[in-house]
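What follows is one structure encoded as structure tokens, with my remarks underneath.
No value in this document is a laboratory result; all are computed from the given coordinates. Note that the structure is predicted; figures quoted are calculated from it, not measured. Because the Cβ atoms are built from the backbone with ideal geometry, glycine has one as well, and the counts that use them run over all protein chains shown.
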Amino acid sequence: MSVSDAVSVRQRRRVLAADLISTAVFPLAITGSTAVVPEATAQLPGPDALGAWIVLAYNGLFAAALLLAGAIADRGARTRFFALGNVVVAVAGILSALAPDLSSLVALRVVAGIGAAVCAAGGSSMVLAVYPPQERRRVYGYAGAVLGSSLALGPVVAQALMAVGGWPLVFLVPGAVAAVAAMATLGLPGLRSPEVPEEFDRMGAVLFGGSVAAAVTAFGLGFGAGVPWWVPAALVLLAAACATALVRVERRAPDPALPVDLLRIPAYGAYALATGAFMGMLVVALAVLPRLGAAEDMGAGGAAVVLSLLTVPSTLLPLLAARIARRWARPLVTTALFLCTATAAALQLTGRPAALLVAAAVIGLCLGLTEGVPDGQALMYVPSDRGGAGAALFSTARMSVETLTLAAATGLMTALGPSSGLAVAGAVCLVAALALRRAVPSKDTRPRPRVLARTSGTE
């Protein structure tokens, strides 16, 4: 009997509710930490250079720990693992609010990033264990709605919390929400899959995490002021060394840490690329459109409208997107990617206020109508007993595409101006659209009968 057959409908809903509560924490944890950097750096003793690490430490360790966390989640009691991650996030949030200096705060952000990875991998693992493939589109529609709302409201909530209680409150509130998510799992079964072997390629997972952490941190520091050039250069070398060692270890491992068999599923990889392209377009548009608006003297009110057009649709539209995706998932995602490409191209020709407002509205609609759709489509191909690994790899691929898009856009904007950054994001969207059209048949968005069972590399 599978794990999904052993739980009631009420327990499934509790699992989903706990995961959604935890999901709401992530955007605030990221946008909030970005907002508090100036104030925390000014108030806490320690070198100012540590301020950037309040964000980098969290993001780097989150990305690095995902794959290892996913492998562990699939091999243990999923709900207990998920609850543990939320407890770690809660404790780290409380202690961050009481941090006596910048060094302590950065160290706690490292712990919080690891805890967040455990939350994300554990949550995906337990949700995919109790919901069969045919229900995952609907489930990830809910997840998209929560994530989209959190992304849209995150900056506003962070600023409001800082106005009420200063920067410590921005860490304390997400910690409290994480504690609620942990308590929501009380009384739920462990959701352990006895057929999954306990042993796995730990060394491969650690090396993969090391390469990701070093690469993400190098990209983050590469554009920071006051950072010696040799620091990101050394991190790039470290990432390359870990990646080289990873290749050697994975070739010899009987059960590799990287689930490369999932990457061989065309739809899985194409939807991961699409999600990364959308997120890359969002972060670049959030950085570029207000700057173009300032150049056109749109004022603070105009900038606020642009930001609202970019983010509010992700609050209102994900549930509608999940309904549309039941029959037209691939056309929906590819059309949105092509529209993002066309919008980026149009802004290379004009940057007038009307054009900026239309561009923000189009990009916002494209993001809102696809929020959670690629995730649900890709994870339909992942076996229930490998939900943690499949979701972790998907998130890592998405983050990698997003980071590389932002890095390339930032470099080009320095040389050619703000609108060129959107050209980079638009090009990535075009590549993703073409890849998706090639990978997924136009009239078949259902999972293929041959879904891979293990990471052995065989089909």
By the gyration tensor of its Cα atoms, with a ≥ b ≥ c the square roots of the eigenvalues, what is the shape of region 164-209: rounded for a/c under 1.5, prolate for a/b over b/c, or oblate?
oblate
Can you pull the percent of Cα pairs in region 131-201 with separation above 15 Å?
74
Please report the relative contact order for the chain, taking Cα pairs under 8 Å with a sequence separation of at least 6, and give it as a percent rounded to a whole number.
23
Sum of -39500 (n - 2.57) over DSSP H runs of 4+, divided by residues of the chain (222 nm, nearest 500):
-26000 deg cm²/dmol
Counting only Cα, what are the radius of gyration and maximum Cα-Cα distance Dmax of the chain, in Å?
21.1, 64
Under 8 Å for C-alpha pairs, at least 6 residues apart: give me the relative contact order for region 78-153, rounded to a whole percent.
38
List the DSSP H helices in the chain whose Cα atoms stretch 27 Å or more along the helix axis and whose mean Kyte-Doolittle hydropathy is at least 0.0.
53-74, 78-97, 102-130, 136-165, 202-222, 230-252, 266-295, 318-346, 387-416, 418-439
Just checking the chain: which Cys have no other cysteine's beta-carbon under 4.7 Å?
Cys119, Cys242, Cys366
Size of region 4-195 along its principal axes in angstrom, Cα-based, largest extent first?
54, 29, 24
With the convex hull built on the Cα atoms of region 262-439, state its orientation-averaged projected area in nm².
9.8
Taking every Cα atom in region 1-83, find the radius of gyration and the maximum pairwise distance Dmax, and write them in Å.
18.0, 57
What residue among Met162, Gly32, Ala145 has its Cα farthest toward the positive end of the dipole of region 11-170, where the charges are +1 on Lys, Arg and -1 on Asp, Glu, each on the Cβ?
Ala145
Longest segment of the chain lacking trypsin sites (Lys or Arg not before Pro) that sit in a DSSP loop with at most 14 other Cβ atoms within 10 Å:
1-263
If r is the Cβ-Cβ distance from Trp230 to Gln43 and R0 is 25 Å, what FRET efficiency results, to the nearest 0.05?
0.25
